[in-house]
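Student: One structure follows; several queries about it will come next.
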Amino acid sequence: MIGEYPIVRPRRLRKNQLIRDLVAETIIDIKKLVMPIFVKDGIASPEEIESMPGQYRFPLNEHLIKFVEDCYSKGIRNFIIFGIPSKKDPIGSEAFSQDGIVQRCVRMLREVFGDKILIITDLCLCQYTDHGHCGIIRMSRRGMYVDNDDTLKIYAKIAVSQAEAGADIVAPSGMMDGQVRAIREALDAAGYEDVLIMSYSVKYASSFYGPFREAAYSAPKIGDRRTYQMDPRNAYEALKEVELDLREGADIIMVKPALAYLDIIRLVKEYFPQVPLAAYNVSGEYSMVKAAAKLGWIDEKAIMIEIVTAIFRAGADIVITYHAKELAEVLQ
Ligand code: PBG
C-alpha cells in the first residue's frame, strides 16, 4: 500500500501553504460553531466574567443586540443562551416562567434578528434552584438525593416555555434519565414538533466547568453532581447514554467537555456516524488558554485554532466554544 520505500516522501505534501491547504483533512467552518451567551436579569450594562476574560453577562438591551450583530457580521449564526435569574427557589420556577430571563431573551433576539440566527436554549435547573442542583432535591432517611422523575416534569415545562418563546433547539444538560423522551413528548403535545433537541448526552462530572459555575452562580451548595453526570473514568458508558438518547428522540447529541475527552468524541462518532455530534469546549478549557496567554506563556491565537481544529478532527460536527467570536475574527 505504501509503495517502494525510497520514493515515499510525505514531506512533499507539506511543501508549502497552498499544498498543505489543498490536502488538509479538517477545516474550521464558522457556520458550525456555536457561541455561548450569558444573559442576566437586573443589570444595565455587560459585566465581564472574571474567570473568563472576554466573556460577559449581558443585560437584555442594546448591548446584547450589538454583541449578536457583531458576531453575525463575522459569520457566526448559532448561539446558545444561558440565563442568570434574579430569584432562585427550590424548584427553579424562573426556568419555566414565560417571563424568565431566557424566554425574554429569545423573544427579543427573534424580534430583532428573525430567522437569520439559530437560537439554542440550555435547558437545566442549576442556575435557577437555590440549592444549585440540576434537579429537584428530596430528603430520604439516607440523606439528600436528586429526584429524577419529578425533575422530568419540570424539564418538560421549561422546554415548552422555551419553544413558545421561539427557540429553534432546546438543549437539556441536566443528565436526568429519560429527559429527552419527556421533553420530546411535551414539545409534540404542545405543537412544537419542529423544535429540535440537542441533548448533552455524554456529560461528564468535570472540574472543567468551574469558571462557568462562577459565571452563572450555579455551583451546588451541597454535594456534587456525580450522581447524575458521568464518571470521567468511563468511556464505553458513553455509548449507552447516546443510544438511550437516540431512542428517546434526540436530534443532535453532545459530548462535554471536549479537550480531555477527544477519545470519547471519536468513539461516539465511530459508533454513530449517522447522527450529528456536537462537542462543548467548556469554560475551564477556555480559561486555561486565557490565563496562560495572559502570562505570555502560549501563542493564544495559534492555540485556539489548534484546539478547535482538534475537536473537529476528533469527529465533532458542531463545536460550542467561547472562542467562536475571536476565531471568526481570526479566520475571516
Ligand atoms: C448546566 C450547564 C453547565 C455547563 C453547561 N450547562 C454547568 C454544570 O453542569 O455544572 C458548563 C459549561 C461550561 O463549563 O462551559 N447544567
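The values are calculated or read from the model by the stated rules, or taken from the named source; none is laboratory data. Because the structure is a prediction, the values reported are computed rather than measured. Cβ coordinates were reconstructed from backbone atoms using ideal geometry, including for glycine residues, and neighbour counts include every protein chain displayed. Side chains included, ligands, DNA and RNA excluded: accessible areas come from the protein's heavy atoms. Shrake-Rupley method; radii C 1.70, N 1.55, O 1.52, S 1.80 Å.
Student: I'm trying to understand the selection: among the residues of the stretch 183-203, which are buried (at least 24 other Cβ atoms within 10 Å of the Cβ) and either part of a helix (DSSP H, G or I) or touching a Pro at 6+ places or on another chain (Cβ under 9 Å) (or both)?
Tutor: Ile183, Met198, Ser199, Tyr200, Lys203
Student: Of the residues that make up the stretch 109-130, is at least one within 16 Å of the ligand (Cβ to nearest atom), acidic (Asp, Glu) and either in a helix (DSSP H, G or I) or open to solvent by 10 Å² or more (accessible area, probe 1.4 Å) (or both)?
Tutor: Yes, the stretch 109-130 contains a residue that is within 16 Å of the ligand (Cβ to nearest atom), acidic (Asp, Glu) and either in a helix (DSSP H, G or I) or open to solvent by 10 Å² or more (accessible area, probe 1.4 Å) (or both).
Student: For the condition touching a residue at least 12 places away in the same chain (Cβ under 8 Å) and touching a strand residue (DSSP E or B) at 6+ places or on another chain (Cβ under 7 Å), what is the one hit in Ile305, Ile222?
Tutor: On inspection, the qualifying residue turns out to be Ile222.
Student: Related question: Out of the stretch 12-45, which residues are assigned to a strand (DSSP E or B), among the hydrophobic types (A, V, I, L, M, F, W, C) and either closer than 18 Å to Met304 by Cα or modelled with pLDDT under 95 (or both)?
Tutor: Those that are assigned to a strand (DSSP E or B), among the hydrophobic types (A, V, I, L, M, F, W, C) and either closer than 18 Å to Met304 by Cα or modelled with pLDDT under 95 (or both): Leu33, Val34, Met35.
Student: Any residue in the stretch 60-83 that's of a type outside the set (Ser, Thr, Tyr): show its pairings with residues that are modelled with pLDDT under 95 and surrounded by fewer than 19 Cβ atoms within 10 Å (Cβ to Cβ) at Cβ separation under 7 Å, as long as the two are six or more apart or on different chains.
Tutor: Going by the 7 Å Cβ cut-off, the qualifying pairs are Lys74/Gln332; Gly75/Gln332.
Student: To continue, here is another question. Is it the case, given these coordinates, that Met139 is surrounded by fewer than 15 Cβ atoms within 10 Å (Cβ to Cβ) and outside any loop (DSSP other than H, G, I, E, B)?
Tutor: Here the answer is yes, as Met139 does meet what is asked.
So that you can scan it fast, the table gives a plain yes or no per residue for (1) within 8 Å of the ligand (Cβ to nearest atom); (2) small (Gly, Ala, Ser); (3) more than 24 Å from Glu270 (Cβ to Cβ):
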| site | (1), (2), (3) |
| --- | --- |
| Leu196 | no, no, no |
| Ser201 | no, yes, no |
| Tyr204 | no, no, no |
| Phe208 | yes, no, no |
| Glu214 | no, no, yes |
| Ser218 | yes, yes, yes |
| Met230 | no, no, no |
| Glu237 | no, no, no |
| Leu244 | no, no, no |
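Student: Quick check on my filter: what residues within the stretch 204-226 are over 30 Å from Gly249 (Cβ atoms), hydrophobic (A, V, I, L, M, F, W, C) and surrounded by 15 or more Cβ atoms within 10 Å (Cβ to Cβ)?
Tutor: Correct list: Ala215 only.
Student: While we're looking at this one, here's another question. Looking at the structure I just gave you, is Val170 part of a strand (DSSP E or B) and either crowded, with 24+ Cβ neighbours inside 10 Å or more than 16 Å from the ligand (Cβ to nearest atom) (or both)?
Tutor: Yes.
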